[in-house]
1. Once you charge only the Cβ atoms, +1 for Lys and Arg and -1 for Asp and Glu, what is the size of the charge dipole of segment 52-194 about its Cα centre, to the nearest 20 debye?
2. Please name whichever of Val67, Leu84, Cys183 sits farthest to the positive end of the charge dipole of the chain, dipole taken about the Cα centre and charges placed at Cβ: Lys and Arg +1, Asp and Glu -1.
3. At 222 nm, what value in deg cm²/dmol follows for the chain if DSSP H runs of at least 4 each add -39500 (n - 2.57) and the sum is divided by all its residues, to the nearest 500?
4. With +1 on the Cβ of every Lys and Arg and -1 on the Cβ of every Asp and Glu, and nothing else charged, how large is the dipole of segment 84-125 about its Cα centre, in debye rounded to the nearest 20?
5. Loop by DSSP (not H, G, I, E, B), at most 11 other beta-carbon atoms within 10 Å: where is the longest site-free stretch of the chain for GluC sites (Glu not before Pro)?
6. When ligands, DNA and RNA are left out and all protein chains stay put, how many square angstrom of accessible area per residue does the chain have with a 1.4 Å probe?
7. When the Cα atoms of the chain are enclosed in a convex hull and the volume is divided per residue, what value in Å³ results?
8. What are the ³J(HN,Hα) couplings of segment 21-29, residue after residue, when phi is run through the Karplus curve with 6.51, -1.76, 1.60 and θ = phi - 60°? Round to Hz, x for glycine and proline.
Amino acid sequence: MSTPSEALEETVKKIYVPDTNVLVFNPFAPYILSGNEIPFEDLKNSYLEALARREIEYDRAPNDVYVYEVVEKELSNLAHNRDLELSADARMAQAVLERVRQTGLEKCKNSETVYAVMENGAKIYFVHHDEKRFFKKAPFQADNDDRILFFVEKLKREYGSQKEVILVSQDRYARSRARDKFCIAQEFRYENIK
C-alpha cells in the first residue's frame with residue numbers, strides 16, 4: 001500500500017514549463033497549470049466564470065510546474081519596460097511567483113533548485129540556470145528561447161516516458177522549435193489546463 005505522498009506522486013501526470021510570455025499573458029498560470037486554486041478571490045471568480053462560459057471544467061489534477069530562472073530574469077527586465085501595461089503584467093507575474101514562494105520552499109538534493117508544495121500536492125519548482133553548462137552545448141548566438149528549449153530537452157531526457165514534459169508558450173515559433181526537437185509544446189489557453 002502506498003503512502004499519501006507516494007499516492008500524490010503517482011497522480012502527477014504532466015510537467016509544464018511556462019515561457020515568459022505565458023506568465024505575462026496570465027500571471028496565474030503556475031496555479032492554473034498545477035491544478036490549484038487562484039489565491040485571489042475576485043480574480044479566481046472571474047477566471048471560473050470565463051471557464052463556465054466556455055463550458056470547460058477546471059482541472060484540479062496535480063501537475064508539476066518548472067519556472068526556469070531565465071524566465072524570471074526576463075520578467076524582471078519586462079517589469080522596467082516603457083510599455084506600462086506590459087510592465088504591470090510582468091510585475092503581477094513576479095508578485096504571483098513571490099506568493100508561491102511564500103507558501104514555503106524546500107531544496108532539492110544536490111541542486112540549486114527549490115520548490116513549493118501546493119495545496120493539491122503539485123510542486124512548483126524554481127530552477128537555477130547554469131550558463132556555463134548551457135554554453136558547452138549551445139548553438140552559436142543562443143538566445144533565451146534556446147536556453148528554455150535546452151531546459152525542456154533536459155527534463156524530457158531526465159523523465160523519459162514517466163511524465164509528459166510540456167513547453168507552454170504563446171510564441172508560435174518557440175512551439176515549432178520545440179516540436180522540431182520532438183518535445184511537446186502547447187499554447188496556453190483555457191482548454192489545455194485539462
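1. About 420 debye.
2. Of the listed residues, the answer is Cys183.
3. -14000 deg cm²/dmol
4. 200
5. Looking at the chain, 58-194 is the longest stretch - no exposed GluC sites (Glu not before Pro) with at most 11 other Cβ atoms within 10 Å.
6. On the way: 10990 Å² over 194 residues.
Each residue of the chain exposes 57 Å² on average to a 1.4 Å probe.
7. 142
8. Result, ordered by residue: 4, 5, 5, 6, 4, 9, x, 8, 3 Hz.
The values are calculated or read from the model by the stated rules, or taken from the named source; none is laboratory data. Given the structure is predicted, the values throughout are model-derived calculations rather than measurements. A quick note on method: Cβ atoms are made from the backbone with ideal geometry, for glycine too, and the neighbour counts reach across all protein chains shown. Each accessible area value is taken on the protein alone, full model and side chains, heavy atoms only, with ligands, DNA and RNA left out. Shrake-Rupley method; radii C 1.70, N 1.55, O 1.52, S 1.80 Å.
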